[in-house]
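Since the structure comes first, as structure tokens, the remarks are kept for the end.
The values are calculated or read from the model by the stated rules, or taken from the named source; none is laboratory data. Keep in mind it's a predicted model, so treat the numbers as computed, not measured. Here the Cβ positions follow ideal geometry from the backbone for every residue, glycine too, while neighbour counts run over all protein chains shown.
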Amino acid sequence: MQLPDAAVALLESASATDAKPIDQLAAETDEKPETLTGAAFDLETESLLDIEERTTESLALTEEGTRYRADGLPELRLYRAAVDAGATDDPVSMGQVIGRADLDGPAVDIALSNFARKGLGSIESGELSVNPDADPDSDAEAAALDVIATASDSAGALDDVTADRLVERGLVERHEQTERLVALTDDGVTALMEGVETAETVGQLTPELLTSGEWEEVTFADYNVEADAEPVTGGKTHVLRQTAESVKDTLVGMGFQEMQGPHADADFWINDALFMPQDHPARTHWDRFTLDTDPMTDLPDDLVDRVEDAHRNGVGPDGEGYHSPWSRAFAEEVALRGHTTSLSMRYLSGEALGELDPPQRFFSVEKVYRNDTLDATHLLEFFQIEGWVMAEDLSVRDLMGTFEEFYAQFGITDIEFKPHYNPYTEPSFELFGTHPTTGETVEIGNSGLFREEVLSPLGVDCDVIAWGLALERLLMLMYGFEDIRDVHGTLTDLEFLRNAEVVY
């Protein structure tokens, strides 16, 4: 029997009693693993070899995991610093212990959350006490970091609970590998006993073979079109962007027009026009991103005067303003928008398209920016589904009906409403949906009817229902994510992003 040289080498090095990995046989034969893999599939087709596939898992430290292995887990550093500060006898100031532990930035939150989880002690009223029976030297997670860094089979050496926890903390990454093993069949053994010879084969027809006429003499290699090819992953629209486009299509189908506007805007459009007092906590640097840029001084003077009057004195004979400081200079400051309602103010005031006659429906699906703490449901920047309807005699029923129709397009039919307070809407409602995996209730948006103090300065004399919905949380309800970061950043499941399709 004549076979290509790679196939002969594979047959002669394979065993009938012990399946061997292709990587091992490649080292023994000095052939490339991919060359032997192709030969193995050809020999399997001829029933001379059996191929077995085995998936193995390995664990590797992330950059953060490597740093914590060297410096110590933040919670253990906090514990040891607390012991040194005397927290085994009396509670010690948390700030003092954090400073002694040399913790800063995100490491502080990491230390505090895991300190309590591991039973290392307790924190109450800003003071920290330690559990004298705790043993930081026997911490399972710290020991696991050492095992992963040094053991050849770290996945098999760790229990699943500890490994899962380290993966959740972003200290460890899981890697899966498919290993192929081959073994001789009875026909393969027979072929070897009868003798196999190397056949000189040509894998590519070249101009030289054609001009010399040698192509008539050579043997061309057979190609197995069913053999596995190396996977190639090309670019694809992110599932979040796909969902955004689906939302746009749905709202356009419901008769809405799309709004557009600046991401960085005057605080006047972001907050003042919404009847948000200038001393509101949400307007401090703790919640908003101000920009070091020139103020936006070209605001419409008449509108600014009417908005200022509403803030100071309210609207109508029974109106009541805030009686708090109001400064045009503050209103002119530029910041990243914390909600896309700034676009609604530009459109309702006529600044964007001119005066609008009811009925009107507008929406946007755009990014907003908030100085929040990153967690499973909060990001520093995210997409907001903004929308409003302007018409005569609108009611809460119209608002609820709009949501029920919208969310039904995405298979979500269990929307719940909870009364809420907003400075700019009355009545106001938060929206909730049920998480398909955990069964927990998840807040997905905020809504209401714009107050007279908002509409009157804008020159709108009919009703306006409005809302701001979270696109990422819609995605959570559609796909069952428990952590919003599953589609953003380093925790993202790349296989999901490559294969997910948005169906609505």
Practice task
Starting from residues that are of a type outside the set (A, V, I, L, M) and in contact with a strand residue (DSSP E or B) (Cβ under 9 Å, 6 or more places away or on another chain), keep the ones in the stretch 101-125 and report whichever is surrounded by the fewest Cβ atoms within 10 Å (Cβ to Cβ).
Solution key: SER122
Practice task
Report yes if some residue within the stretch 249-261 is at pLDDT 85 or above, surrounded by 13 or more Cβ atoms within 10 Å (Cβ to Cβ) and over 19 Å from PHE406 (Cα atoms); otherwise report no.
Solution key: yes
Practice task
Within the stretch 363-396, count every residue that is touching a residue at least 24 places away in the same chain (Cβ under 8 Å), part of a loop (DSSP other than H, G, I, E, B), more than 17 Å from ILE444 (Cβ to Cβ) and not polar (S, T, N, Q).
Solution key: 4
Handout entry: Per-region count, the stretch 136-172, residues among the charged types (D, E, K, R), in a helix (DSSP H, G or I) and over 23 Å from the mean Cα position of the chain (by Cα)
Key = 4
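Take the residues of the stretch 23-38 that are more than 10 Å from ALA7 (Cα to Cα) and of a type in the set (A, V, I, L, M): which is surrounded by the most Cβ atoms within 10 Å (Cβ to Cβ)? Step through it out loud before you land on a result.
Initially, the stretch 23-38 is screened for residues more than 10 Å from ALA7 (Cα to Cα), giving 23-34.
In the following step, the residues that additionally are of a type in the set (A, V, I, L, M) were identified as 25-27.
On the way: LEU25: 23, ALA26: 20, ALA27: 12.
My answer is LEU25.
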Problem - Scope the stretch 46-101; condition within 34 Å of the chain's Cα centre (by Cα) and aliphatic (A, V, I, L, M); matching residues - result: LEU59, ALA60, LEU61, ALA70, LEU73, LEU76, LEU78, MET94, VAL97, ILE98, ALA101
Problem - Elements of type helices (runs of 4 or more DSSP H) contained in the stretch 173-270, each with 1 or more residues being of a type outside the set (Asp, Glu) and in contact with a Leu (Cβ under 8 Å, 6 or more places away or on another chain) - result: 186-194, 239-253, 267-270
Problem - Candidates GLY445, GLY439, GLY433 - the one that is small (Gly, Ala, Ser) and surrounded by fewer than 18 Cβ atoms within 10 Å (Cβ to Cβ) - result: GLY439
Exercise for the section: Filter the stretch 159-181 for residues that are in contact with a Pro (Cβ under 8 Å, 6 or more places away or on another chain) and either within 15 Å of ILE148 (Cα to Cα) or of a type in the set (A, V, I, L, M, F, W, C) (or both) and give the result. Expected result: LEU181
Practice task
Quickly run through the stretch 397-421 and pick out the residues that are in contact with a strand residue (DSSP E or B) (Cβ under 8 Å, 6 or more places away or on another chain), outside any strand (DSSP E or B) and either loosely packed, with under 14 Cβ neighbours inside 10 Å or not assigned by TED's automatic domain parsing to the domain that holds ASP272 (or both).
Solution key: ASP414, TYR421
Practice task
Go through the residues of the stretch 125-132 one by one and say whether even a single one is modelled with pLDDT of 85 or more, of a type in the set (A, V, I, L, M, F, W, C) and outside any strand (DSSP E or B).
Solution key: no
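Taking only the stretch 1-23 into account, find how many residues are charged (D, E, K, R) and outside any helix (DSSP H, G or I).
As a first pass, look at the stretch 1-23 and keep what is charged (D, E, K, R): 5, 12, 18, 20, 23.
So of that shortlist, the ones also outside any helix (DSSP H, G or I) come out as 18, 20.
Counting residues in the stretch 1-23 that are charged (D, E, K, R) and outside any helix (DSSP H, G or I) gives 2.
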Practice task
Look through GLY354, GLY316, GLY321 and report the one residue that is part of a loop (DSSP other than H, G, I, E, B) and touching a Lys or Arg at 6+ places or on another chain (Cβ under 7 Å).
Solution key: GLY321
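Any residue that is under 24 Å from ASP146 (Cα atoms), among the polar types (S, T, N, Q), touching a residue at least 40 places away in the same chain (Cβ under 8 Å) and out of contact with any strand residue (DSSP E or B) (no Cβ under 6 Å at 6 or more places or on another chain) - is there at least one of those in the stretch 61-70? Steps first, please.
The first filter runs over the stretch 61-70 and keeps only residues under 24 Å from ASP146 (Cα atoms), leaving 61-70.
Within this subset, residues satisfying the condition of being among the polar types (S, T, N, Q) are 62, 66.
Going one step further and asking which of them are touching a residue at least 40 places away in the same chain (Cβ under 8 Å), we end up with 62, 66.
Filter once more, keeping what is out of contact with any strand residue (DSSP E or B) (no Cβ under 6 Å at 6 or more places or on another chain): 66.
Within the stretch 61-70, one or more residues are under 24 Å from ASP146 (Cα atoms), among the polar types (S, T, N, Q), touching a residue at least 40 places away in the same chain (Cβ under 8 Å) and out of contact with any strand residue (DSSP E or B) (no Cβ under 6 Å at 6 or more places or on another chain).
Counting only residues that are touching a strand residue (DSSP E or B) at 6+ places or on another chain (Cβ under 7 Å), give me the helices (runs of 4 or more DSSP H) lying completely in the stretch 422-501 with at least 1 of them.
By residue number, 452-458, 471-479.
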Practice task
Please enumerate the residues belonging to the stretch 311-334 that are closer than 18 Å to ASP298 by Cα, among the small types (Gly, Ala, Ser) and crowded, with 16+ Cβ neighbours inside 10 Å.
Solution key: ALA331
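For the structure I just gave you, tell me whether HIS280 is farther than 24 Å from PHE363 by Cα and buried (at least 18 other Cβ atoms within 10 Å of the Cβ).
Numbers: farther than 24 Å from PHE363 by Cα: yes; buried (at least 18 other Cβ atoms within 10 Å of the Cβ): no.
No: the conditions fail for HIS280.
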Practice task
Search the stretch 371-393 for residues being closer than 16 Å to HIS488 by Cα and of a type in the set (D, E, K, R), and hand back the single one that is surrounded by the most Cβ atoms within 10 Å (Cβ to Cβ).
Solution key: ASP372
Problem - Residue in the stretch 222-279 that is nearest to HIS488 (Cα to Cα), counting only those that are among the small types (Gly, Ala, Ser) and in contact with a strand residue (DSSP E or B) (Cβ under 9 Å, 6 or more places away or on another chain) - result: ALA244
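Any residue that is touching a His at 6+ places or on another chain (Cβ under 6 Å) and of a type in the set (Asp, Glu) - is there at least one of those in the stretch 357-372? It would help to see each step written out before you state the result.
Our first condition is that a residue be touching a His at 6+ places or on another chain (Cβ under 6 Å); within the stretch 357-372, this holds for 368, 372.
Within this subset, residues satisfying the condition of being of a type in the set (Asp, Glu) are 372.
Checked the stretch 357-372: at least one residue is touching a His at 6+ places or on another chain (Cβ under 6 Å) and of a type in the set (Asp, Glu).
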